[in-house]
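Engineer: Structure incoming, see below.
The values are calculated or read from the model by the stated rules, or taken from the named source; none is laboratory data. Only a predicted model underlies this, so the values are computations on that prediction, with no experimental measurement involved. Backbone-built Cβ (ideal geometry, glycine too); neighbour counts: all protein chains shown. All accessible areas refer to the heavy atoms of the entire protein, side chains included, with ligands and DNA or RNA removed. Shrake-Rupley method; radii C 1.70, N 1.55, O 1.52, S 1.80 Å.
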Amino acid sequence: MDWPDGFMWGTGASSTQCEGAAPASDWWDWERAGRAPMSGDGNGFAARYAEDFASYAALGLTHHRLSIEWARVEPEPGRHDEEAVEHYRDVLSAAREAGVQPWVALHHFTLPRWFASDGGFLVERNRTDLWARHVEFVAETFGDLVGGWQPVNETNYYPSAAYRDGGWPPGHDDRHEWQVATEAIHLATAEAAVRLKQTGAPVASIFGLSPIVAQDDDPATLRRVERIYDTNWSTGLGLYRDGVLQVRDREPVERPDLAGCFDLIGFSYYSTIGVSGGKTVLHPPGAPRSPLGYGIWADGLGLALDRLAEEVPDTPLLVAEYGIGTDDDEARAAYLERGLEVTHDAIGRGIDVRGFFHWTGVDNYEWLHGFDVSFGLIDGDRNVRPSAAVLTRQAAPHP
């Protein structure tokens, strides 16, 4: 397959998953409360980052998204840890020296303990003051080394995980808090994007986007499909496209200054959601289940690309996460092959896809599942799996 010039081949990871929970973070406390497995030092990336970047470059994967952990660089409000700052500058420098463009996320599910204990994103001033101050600090401190930004990981998923009993701290199940947090995190992401653009590096979103398929014509099914799309797709895309943020039955927030805040609409794809009888179900029916419980179906990636092309027709797209958690590397290879075919077909139909980032490079900590689910092209001992060759063949320059 031939790919557009400059097509970006990459991997994605996060600090907590590959470095372990930061001692000043809410996830550190979550682990010690017995709410999640212990992350230890993750996959050892904090010590082995130069080795890992060299491996990625050798595979032709010359872009890598990592997160700069807020709780490491600012463990107490207003006090920055110079050792942590230098560590992250060393990490970014090593990536560039290896020929890997580093993309940076500022929030990947975890928060500093002090920020979380003050209400996190439920408190408006925390977003407009403390978060904005952090964004400014990261832009000023690391911007000279960053190749691209993906400010907040799965912006639309985080509020559900934290405030609709999804197992993330603070572990609440409160519809009102979920709506407030949803509104705040979308604003926080878009406001960060506007500031980070000023560094001159491209900025992409990371929305967690699952296509929704009605498996019958039951009116309850059709209503459910549209409601899920309104919640998980239209909120963030509407703010980007129209400058209006609408969260369920809350008053719309008009922010024309945030329209067009991203250079690319990036998204993660892991599954397609089926709806039957008004309830969510496995899709397609009978699909093999991943260890995380969703159906394994690469063709759904095409549904996501098609819908995004309709929703934001003039915006380049980025497959910011695509992968499968499995110990069956042949299944991973087949899933990758099909996902690349689907992406290539979309490009051939005129959809502007700029890159494909695999989740993940090296096996790491998978949140509530610990180290039991393997997503990596490379195992924790740094053995390259055969499935990596699927990406390398496509990433290699073609005559």
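Engineer: Hey, any idea what % of the chain's accessible area is carbon plus sulfur with a 1.4 Å probe?
Structural biologist: Carbon plus sulfur share of accessible area: 48 percent.
Engineer: Give me the accessible area per residue for region 110-251, probe 1.4 Å, as a whole number in Å².
Structural biologist: It amounts to 38 Å² per residue over region 110-251.
Engineer: Given charges of +1 on the Cβ of Lys and Arg and -1 on the Cβ of Asp and Glu, with all other atoms neutral, how large is the dipole of region 44-159 about its Cα centre, in debye to the nearest 20?
Structural biologist: Details: 10 positive and 18 negative charges, 63 e Å.
Charge dipole, region 44-159, about its Cα centre: 300 debye, nearest 20.
Engineer: Continuing with the same structure: Looking at Pro4, Ala304, His108, which one has the Cα that reaches farthest to the positive end of the dipole of the chain (charges on Cβ: Lys, Arg +1; Asp, Glu -1)?
Structural biologist: Ala304
Engineer: While we're looking at this one, here's another question. Just to be sure I understand the model, the point goes 7 Å from the Cα along the line to the Cβ. What's the resulting Glu82 to Met1 distance in nm?
Structural biologist: Result: 4.9 nm between the two label points.
Engineer: Relative contact order for region 1-158: what percent, with Cα pairs under 8 Å and sequence separation of 6 or more?
Structural biologist: Answer for region 1-158 is 26 percent.
Engineer: Still on this structure: With r as the distance between the Cβ atoms of Glu251 and Gln215 and R0 = 45 Å, compute the FRET efficiency 1/(1 + (r/R0)^6) and round to 0.05.
Structural biologist: 0.85
Engineer: Still on this model: Once the whole set of protein chains is in place, how much accessible area is left on Ser55, using a 1.4 Å probe, in Å² to the nearest 10?
Structural biologist: Rounded to the nearest 10, the figure is 40 Å².
Engineer: Treating only the Cβ atoms of Lys and Arg (+1) and Asp and Glu (-1) as charged, compute the dipole magnitude of region 301-350 about its Cα centre; round to the nearest 20 debye.
Structural biologist: Result for region 301-350 is approximately 160 debye, rounded to the nearest 20.
Engineer: Related question: Nearest 5 percent is fine: what portion of the DSSP beta bridges confined to the chain is antiparallel?
Structural biologist: Values: 10 of 43 bridges.
The antiparallel fraction comes to roughly 25 percent.
Engineer: Now, a different point. Can you give the helix-only mean residue ellipticity at 222 nm for the chain, where every DSSP H stretch with n ≥ 4 adds -39500 (n - 2.57) and the sum goes over all residues, rounded to the nearest 500 deg cm²/dmol?
Structural biologist: After summing the helix terms and dividing by the residues of the chain, the value is -11500 deg cm²/dmol.
Engineer: Along the positive direction of the dipole of region 162-208 (beta-carbon charges: Lys, Arg +1; Asp, Glu -1; about the Cα centre), which of Ala184, Ser205, His172 reaches farthest?
Structural biologist: Of the candidates, Ser205 comes out farthest on the positive side.
Engineer: Count the DSSP beta bridges whose two residues both fall in region 183-297, then state the antiparallel fraction as a percent rounded to the nearest 5.
Structural biologist: The antiparallel fraction comes to roughly 50 percent.
Engineer: Express the relative contact order of the chain as a whole percentage, based on alpha carbon pairs under 8 Å and six or more residues apart in sequence.
Structural biologist: Taking the mean separation of contacting Cα pairs over the length of the chain, I get 18 percent.
Engineer: Which label belongs to the value computed from this structure, given these candidates for percent of Cα pairs over 29 Å apart: [x] 40; [y] 47; [z] 44?
Structural biologist: Label of the calculated value: [x].
Engineer: Right, something else. May I ask for the net charge around His134, where only other residues with Cβ less than 14 Å from the Cβ of His134 are counted and Lys, Arg are +1 while Asp, Glu are -1?
Structural biologist: Computed value for this residue: -3.
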